[in-house]
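Inspection log for the structure reproduced underneath, given as structure tokens.
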Amino acid sequence: MMNFDATSKMNKEAMDSMLTAASSMTKGFQQIAAEATDYSKKSYEDNAAVVEKLVSAKSLDKAIEIQTDFAKSSYETFVAQATKMSELYADLAKQAYKPFEAAAAKVSA
């Protein structure tokens, strides 16, 4: 015969784990969205500043120097941002899985 108390407890634990994971994912996605927004805003501001510098450049050599410096710093900023975003996604996955670790341990034991 089925033990309804045990089944009810299992269902409650599963629901709690699911809600905890959903909460973790929501927080993670909010953090990722905020980070992407900040990066986009900074990128736009940097692009606008470079355009102003290029417009005010007195010579072709100076314009090439400005563009080269911008390309280098833009690439470095992109790589740093991509690394940061990948870390945020990895943390999101870890946090989302964490509530299910205990249940997985019970099943494998």
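The values are calculated or read from the model by the stated rules, or taken from the named source; none is laboratory data. Note that the coordinates shown come from a computational prediction; the quantities given were computed from them, not determined experimentally. Ideal geometry is used to build each Cβ from the backbone, glycine not excepted, and the neighbour counts take in all protein chains shown. Side chains are part of the model used for accessible areas, which takes the heavy atoms of the whole protein and leaves out ligands, DNA and RNA. Shrake-Rupley method; radii C 1.70, N 1.55, O 1.52, S 1.80 Å.
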Out of the residues in region 66-79 that are without any contact (Cβ under 8 Å) to a residue 24 or more places away in the chain and of a type in the set (Val, Ile, Thr), which is least open to solvent (accessible area, probe 1.4 Å)? ILE66
Identify, from the list ALA49, ALA105, ALA82, ALA90, the residue that is of a type in the set (Gly, Ala, Ser), exposed (fewer than 10 other Cβ atoms within 10 Å of the Cβ) and assigned to a helix (DSSP H, G or I). ALA105
Looking at LYS62, LYS41, LYS9, which is the one that is on the phi < 0 side of the Ramachandran plot, in a helix (DSSP H, G or I), open to solvent by less than 100 Å² (accessible area, probe 1.4 Å) and of a type outside the set (S, T, N, Q)? LYS62
Can you pull out every residue in region 1-51 that is β-branched (Val, Ile, Thr) and more than 29 Å from LYS72 (Cβ to Cβ)? THR7, THR20, THR26
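Say whether the condition of being under 30 Å from LYS106 (Cβ atoms) and within 16 Å of the chain's Cα centre (by Cα) is met by at least one residue in region 29-42. Before the answer, list the steps.
Taking region 29-42 and keeping what is under 30 Å from LYS106 (Cβ atoms), we get 29.
Retained after the next criterion (residues that are within 16 Å of the chain's Cα centre (by Cα)): 29.
Yes.
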